[in-house]
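Comments concern the structure below.
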Amino acid sequence: MFTIHASWSDAKCAALIRKTLFLNSRAICPSCEVRRRFKTLKDGRYWCGRCRQKYSLKQLAGLKGSRLPLAKIALLTRCFLKNYPLAVAQDTTGLSYPTVRRYYDIFRLKANKYTLEHAQFLKGRIVIDACYIGKKRNNNQAVVLGAVEEDYTNLAFRIIPQEEQGYVEKFLYDTACPWSHIIHDGHKAYEDLSWTGVTHEAEIHELGQFEKSCPIERIWALLRTRIRRTYHHIWKEKLPDYLAEFRYKFLYRSTALNELSFLEFLTLPAPRA
Ligand SMILES: [Zn+2]
């Protein structure tokens, strides 16, 4: 298995990143947003002949403004993808707590961008449910609507004001194929789904029926554990980013740490955090 070693040099990381960014000696220009041939300048930066801007390797890799050595960034990325809590990542990399937290924020933006770009409609048998994240008494509670394909191939989340029919239907309209089969817990928000084109069935938890809704319950359990273990506390304003992170790691759980995916993730363009 591919592993970023703490002993890797910046030069080695730079070479790997260059190899990932440049295909047939062309890389995507952050301004032009198309693949361009760059001229390499004497100071090591890259010059785009179209927008006439200069970029460092880090800027091309979506790490604008970063002052960390590339080897540290690669090591931090690995910590993030392996769900290391902030304190453990701090220990592994020898970086300060605020630095680790800032990079985790950047990686979350990258995860969000990746999952948005690769979004696919859910299909087949889909289990849907709502989950309350955070504490109401701190005014920090959010209702998250989640839908997962029964075999865990695809997953979607949305934060909604409350578990109501309108929000559920809009969510399914945006994320699921119309010929899907929806499994839910019989909450009144799901009663009327048939007119949207899907078929659906309810499993009543009060009657001890839990078998079919198991996939989404497992997602909620995993999400709660991860929030508790890795971040201890999050503000609801930041929740969308954490959900994106969760989705990325869940959907790419078997490939995220492969060399190709790892480098692709590391070099994804992301807005500055
Ligand atoms: Zn350009």
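The values are calculated or read from the model by the stated rules, or taken from the named source; none is laboratory data. Owing to the predicted nature of the structure, the values given are computational and were not obtained by experimental measurement. Note that we place each Cβ from the backbone using ideal geometry, even for glycine, and neighbour counts take in every protein chain shown.
Hey, among Y190, Y252, which residue is more than 30 Å from K82 (Cβ to Cβ), buried (at least 18 other Cβ atoms within 10 Å of the Cβ) and of a type in the set (F, W, Y)? Don't jump to the end; show me each part of the working.
Details: Y252 fails: more than 30 Å from K82 (Cβ to Cβ).
Testing whether each residue is more than 30 Å from K82 (Cβ to Cβ), buried (at least 18 other Cβ atoms within 10 Å of the Cβ) and of a type in the set (F, W, Y) leaves just Y190.
Quick check on R247: is it surrounded by fewer than 18 Cβ atoms within 10 Å (Cβ to Cβ) and in a helix (DSSP H, G or I)?
When the stated conditions are applied, R247 does not pass them.
Restricting attention to the stretch 26-37, report how many residues are within 11 Å of the ligand (Cβ to nearest atom), without any contact (Cβ under 8 Å) to a residue 24 or more places away in the chain and surrounded by 11 or more Cβ atoms within 10 Å (Cβ to Cβ).
Going through the stretch 26-37 one residue at a time, the tally reaches 5.
Residue check: is F171 surrounded by 12 or more Cβ atoms within 10 Å (Cβ to Cβ), among the aromatic types (F, W, Y) and either modelled with pLDDT under 85 or part of a strand (DSSP E or B) (or both)?
When the stated conditions are applied, F171 does not pass them.
To keep it simple, each residue is scored yes or no on (1) of a type in the set (G, A, S); (2) more than 29 Å from R226 (Cα to Cα).
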position: L23; (1), (2): no, yes
position: C51; (1), (2): no, yes
position: S56; (1), (2): yes, yes
position: I73; (1), (2): no, no
position: L76; (1), (2): no, no
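Any idea which of (1) at negative phi; (2) more than 16 Å from the ligand (Cβ to nearest atom) is the one T40 doesn't satisfy?
Here T40 clears every test but (2).
For the condition touching a Leu at 6+ places or on another chain (Cβ under 6 Å) and either over 25 Å from L63 (Cβ atoms) or modelled with pLDDT of 90 or more (or both), what is the one hit in F246, F265?
Checking each option against the conditions leaves just F246.
As an exercise: evaluate S56 against (1) closer than 14 Å to R102 by Cα; (2) among the small types (G, A, S); (3) surrounded by fewer than 20 Cβ atoms within 10 Å (Cβ to Cβ) and give the number of the one condition it does not meet.
(1)
Pick from L60, L95, L23, L86: which is closer than 20 Å to L268 by Cα, away from the ligand (no atom under 14 Å from the Cβ) and among the hydrophobic types (A, V, I, L, M, F, W, C)? Lay out the reasoning, then the answer.
Details: L60 fails: away from the ligand (no atom under 14 Å from the Cβ); L95 fails: closer than 20 Å to L268 by Cα; L86 fails: closer than 20 Å to L268 by Cα.
Just a single option satisfies the conditions, and that option is L23.
Can we say K110 is out of contact with any strand residue (DSSP E or B) (no Cβ under 9 Å at 6 or more places or on another chain), closer than 30 Å to S180 by Cβ, modelled with pLDDT of 90 or more and more than 16 Å from the ligand (Cβ to nearest atom)? Lay out the reasoning, then the answer.
Details: out of contact with any strand residue (DSSP E or B) (no Cβ under 9 Å at 6 or more places or on another chain): yes; closer than 30 Å to S180 by Cβ: yes; modelled with pLDDT of 90 or more: yes; more than 16 Å from the ligand (Cβ to nearest atom): yes.
Here the answer is yes, as K110 does meet what is asked.
Say whether the condition of being surrounded by fewer than 19 Cβ atoms within 10 Å (Cβ to Cβ) and either small (G, A, S) or part of a helix (DSSP H, G or I) (or both) is met by at least one residue in the stretch 159-166.
Yes, because at least one residue in the stretch 159-166 is surrounded by fewer than 19 Cβ atoms within 10 Å (Cβ to Cβ) and either small (G, A, S) or part of a helix (DSSP H, G or I) (or both).
Give me the pairs, please: first residue somewhere in the stretch 41-60 and more than 12 Å from A14 (Cα to Cα), second residue anywhere and among the hydroxyl-bearing types (S, T, Y) and near the ligand (Cβ under 8 Å from one of its atoms), beta-carbon distance under 8 Å, and either six or more positions apart or on two chains.
The qualifying pairs are C48/S31; C51/S31; Q53/S31.
Within the stretch 15-25, work out how many residues are closer than 19 Å to G65 by Cα and loosely packed, with under 11 Cβ neighbours inside 10 Å.
Residues that pass the stated criteria total 0.
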